[in-house]
Amino acid sequence: MEFKINNLDNVITGTISESSVNGKIVATINGKDHSIQIIALKNNILEFMLDNSYNTAKILEFGSSYIKMLMNGEQMIIKKHSKLTEILEKSMALSGSSSGENKLLSQIPGRVVSIMSKVGDKIKKGDSFIVLESMKMQVAVKSHKDGQIRDIKVKVGDTVSRNDVVGLIE
């Protein structure tokens, strides 16, 4: 798979050759093997070891086709492959982060055609939050739990990818 980092001119080629349930990953990046150990993911701060060097990255935005993060004071956007999405999601689940429970995610790529709630509204499990249109079909994003709308991340007319965060519930 290939990664494009917005600050770099060249495209980075990488493959994941091993990954384990304890967060250890062996990645080959531009022909060189690297050991990556995910330590924690709390409050969108990713702590990890890269070749025995401690690093942190603040995840600013996590879409299905990209990750926007702040690392060493520099903002970067990494366009990624779906396999990386799967590995990151598994790693997030392993870290015990509960922030995923508060996220309302789009199930499909599409365009936002309506928003049924506003910040502060109470919402029940199964209630429709927004409606997406894809291939002339409309699909409602529904709440997975009872709560209150804390933030709405999209507006009518926005285009979202699968698994993009469209709102936060508390």
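The values are calculated or read from the model by the stated rules, or taken from the named source; none is laboratory data. This one's a predicted model, so the numbers in the text were calculated from it and none came from an experiment. Cβ placement follows ideal geometry from the backbone for every residue including glycine, while neighbour counts extend to all protein chains displayed.
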key: Exclusive hit being modelled with pLDDT of 80 or more and crowded, with 18+ Cβ neighbours inside 10 Å, set VAL119, VAL113, VAL156, VAL160   = VAL160
query = Do you know which of the residues in the stretch 127-153 that are surrounded by 14 or more Cβ atoms within 10 Å (Cβ to Cβ) and not in a strand (DSSP E or B) is nearest to the chain's Cα centre (by Cα)?
reply = LYS153
message = For the structure I just gave you, tell me whether ILE87 is part of a loop (DSSP other than H, G, I, E, B), among the aliphatic types (A, V, I, L, M) and modelled with pLDDT under 85.
response = no
message = Considering only the stretch 55-62, I want to know if a residue exists there that is surrounded by fewer than 16 Cβ atoms within 10 Å (Cβ to Cβ), at pLDDT below 80 and not small (Gly, Ala, Ser).
response = yes
remark   = Only one of (1) more than 22 Å from the chain's Cα centre (by Cα); (2) not in a strand (DSSP E or B) does not apply to GLN107, and that is (1)
remark   = The residue from GLY167, GLY157 that alone is of a type outside the set (Phe, Trp, Tyr) and more than 22 Å from ILE67 (Cβ to Cβ) is GLY157
